[in-house]
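*Asks:* Before I ask anything, let me first share the structure, which is written out below as C-alpha cells.
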Amino acid sequence: MTDSDDTSAALAGFDAASNRLIIDLGALADNWRTMDKLSGTARAAAILKANAYGIGIEPAAETLYAAGARDFFVANAEEGAELRPLVPDGRIYILAGMWPGNEHLFFDNGLVPIINSEEQLAFFMSALSERGDHPCVLHVDTGMNRLGLSMKEALMLANDPARPASFSPILVMSHLACADDQAHPLNRRQLESFRAVTAAFEGVESSLANSAGIHLGSEYHFDMTRPGIAVYGGEAVNGAPNMMKPVVTSEARILQIRDVRTGDTASYGASAQFARDSRVAIVAIGYADGYHRSVSGGGVALRQATPSGAYGFLHGHKVAHLGRVTMDLSLFDVTDLPVNAARPGDYIELFGENIAIDDVARAGGTIGYEMLTSLGQRYDRAYIEAE
Ligand SMILES: *Cc1c(COP(=O)(O)O)cnc(C)c1O
C-alpha cells in the first residue's frame, strides 16, 4: 500500500468498526499488462471466475477492460450473465460449458460455451439447430484429466468427414496440470499433444497457458494466454520470486491487548503456551473471514509438519500468530513491540505489502488462490482506482 492521496481517499470511507480489504486496481492493471507483455505475440485474456478471485468482479472487469483485455473467462453462465453488462463488447467464455436448462443464458447474453465433453458437444449442436449460429470453444484434455474431450475424441472430430459444417469452434484450448513446477515432464508432453490438436484444427485460434504456463516460454503461448493468479498478485511458479505487485491488502482490528504470564495458556485447547511474560493482541479476524484455522500458531493436529503459523505485520514488526485461529478472533504476539505501541483499534496487516499472501497460505498448507476466494463477507472493501 502506498501513502498516496488516492489511498487516503479510498480509506476515508471506511466504517470505523470493520476489518478492511484494500484492493489496488492500479496494481491489478499493471499485473495484467505485465502478463500480456510476457505473452509475447499472444494476447492475454482476463480470468474473472469466482468473483474475480474474490476481489470483486465489477471493479476487476472494468479495470482489466480499460487496460485492454477483451477476452474474459468465468466459471459458469451465471457469472457470465453478471459480467456481460460490464464488458459489452468483450468475449465471455464459460468454463463449465452449456447443459440442458441453461442454454438461454448463453443465447441471451452472448456467452461463449466451452465444450468439455462429447455430451456437451451433442447438446450444443442440438441447441444450435434451434437457435442458429453461435460461437463455441473446444476444450481438449492433454493430461490434466479434468475437463475436455480426450485426444482421441478431438482428433476424430477434427478428421470426421461427417462433422457438421456448422461446428466451427473459434478457439481450441487445453489446461496445464503442472506448470507451477517448471521441470515437470508433463508440461512438455501436454505441449506436444496440444500441438497435435492445433494441427488438426488448422486455422482455429488456440490457448494453453495459465499464469505459470506463460513462464514456461513462448512455445506455450499460442494465440491467447489465460493468466489468473498472477494478475491478482499471487505466486504462479513454485520457488520463483514473485515479480507481481500485491493487489489485496487485508487488515484486521485489534480489539484488546492482554498481558499474560510465563506458564499461562490461551485460545482453545490451551494451544498457545507462554514461555515468557507476554503481551497478546486479540484481533477481530477468524476462519469465518477466510483466515483459515490451519494458519494457527499452534494446536492444529494436522499441521505438525509446519509448526510455525502465519505472521501479521504491525507498526513495522512481524508478529507471530499464537494458538488456534477461532471463528472470529485470532491472537498475535506483540511482546517485542515497544510498550504501548500496539493499541486497541490498530490494524494488523494479515497479508499485502509486507506479508506475502503466499507465505500465509503456505503456513496453512494452502495456496493464495484459496486465501483470496474464501475472504468472506465481513470486510469493508476499498478500491484504489487505476490511473
Ligand atoms: C482458472 C483458470 C486459469 C487461470 O489460472 P491461473 O493459475 O490462476 O493463472 C486458466 N485456465 C483455466 C482453464 C482455468 O480454469
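*Asks:* When the stretch 90-138 is examined, which residues are found to be in contact with a strand residue (DSSP E or B) (Cβ under 6 Å, 6 or more places away or on another chain) and either under 12 Å from A77 (Cα atoms) or of a type in the set (S, T, Y) (or both)?
*Replies:* Result: I92, Y93, I94, L95, G97, M98, F106, L111, V112, P113, I114.
*Asks:* Kindly establish whether Y53 is among the aromatic types (F, W, Y) and away from the ligand (no atom under 15 Å from the Cβ).
*Replies:* Here the answer is no, as Y53 does not meet what is asked.
*Asks:* Here is a further query. Can you tell me which residues in the stretch 106-120 are surrounded by fewer than 20 Cβ atoms within 10 Å (Cβ to Cβ) and either in contact (Cβ under 8 Å) with a residue 24 or more places away in the chain or closer than 13 Å to L95 by Cα (or both)?
*Replies:* Matches in the stretch 106-120: F107, D108, N109, G110, S117, E118.
Residues are listed down the side, and each one gets a yes or a no for (1) touching a Phe, Trp or Tyr at 6+ places or on another chain (Cβ under 7 Å); (2) on the phi > 0 side of the Ramachandran plot; (3) without any contact (Cβ under 8 Å) to a residue 40 or more places away in the chain:
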{"position": "S168", "(1), (2), (3)": "no, no, yes"}
{"position": "V172", "(1), (2), (3)": "yes, no, yes"}
{"position": "H175", "(1), (2), (3)": "no, no, yes"}
{"position": "D180", "(1), (2), (3)": "no, no, no"}
{"position": "H184", "(1), (2), (3)": "no, no, yes"}
{"position": "R189", "(1), (2), (3)": "no, no, no"}
{"position": "S193", "(1), (2), (3)": "no, no, no"}
{"position": "A199", "(1), (2), (3)": "no, no, yes"}
{"position": "E205", "(1), (2), (3)": "no, no, yes"}
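*Asks:* Right, here's the next one. Kindly indicate the residue of the stretch 56-91 that is assigned to a loop (DSSP other than H, G, I, E, B) and more than 12 Å from the ligand (Cβ to nearest atom) and also surrounded by the most Cβ atoms within 10 Å (Cβ to Cβ) among those meeting that condition.
*Replies:* Restricting to residues being assigned to a loop (DSSP other than H, G, I, E, B) and more than 12 Å from the ligand (Cβ to nearest atom), the top hit is A69.
*Asks:* Moving to a separate point now. Only one residue in M156, M144, M151 is out of contact with any His (no Cβ under 8 Å at 6 or more places or on another chain) and either within 16 Å of the ligand (Cβ to nearest atom) or within 23 Å of A209 (Cβ to Cβ) (or both). Which one?
*Replies:* M151 is the lone residue from the list that is out of contact with any His (no Cβ under 8 Å at 6 or more places or on another chain) and either within 16 Å of the ligand (Cβ to nearest atom) or within 23 Å of A209 (Cβ to Cβ) (or both).
*Asks:* Mind counting the residues in the stretch 154-192 that are in a helix (DSSP H, G or I), surrounded by 15 or more Cβ atoms within 10 Å (Cβ to Cβ) and in contact with a Gly (Cβ under 7 Å, 6 or more places away or on another chain)?
*Replies:* Looking only at that region, the number is 2.
*Asks:* For the stretch 128-141: of the residues being part of a loop (DSSP other than H, G, I, E, B) and either within 20 Å of E205 (Cβ to Cβ) or among the acidic types (D, E) (or both), which is farthest from the ligand (Cβ to nearest atom)?
*Replies:* Across the stretch 128-141, the extreme among qualifying residues is D133.
*Asks:* Take the residues of the stretch 196-247 that are more than 18 Å from the chain's Cα centre (by Cα) and assigned to a helix (DSSP H, G or I): which is nearest to the ligand (Cβ to nearest atom)?
*Replies:* Residue satisfying both the conditions and the ranking: Y220.
Read the figures in this text as sums done on the coordinates, not as results from a lab. These numbers come from a predicted model, not from an experiment. Positions of Cβ are generated from backbone atoms using ideal geometry, with glycine treated the same way; all protein chains shown enter the neighbour counts.
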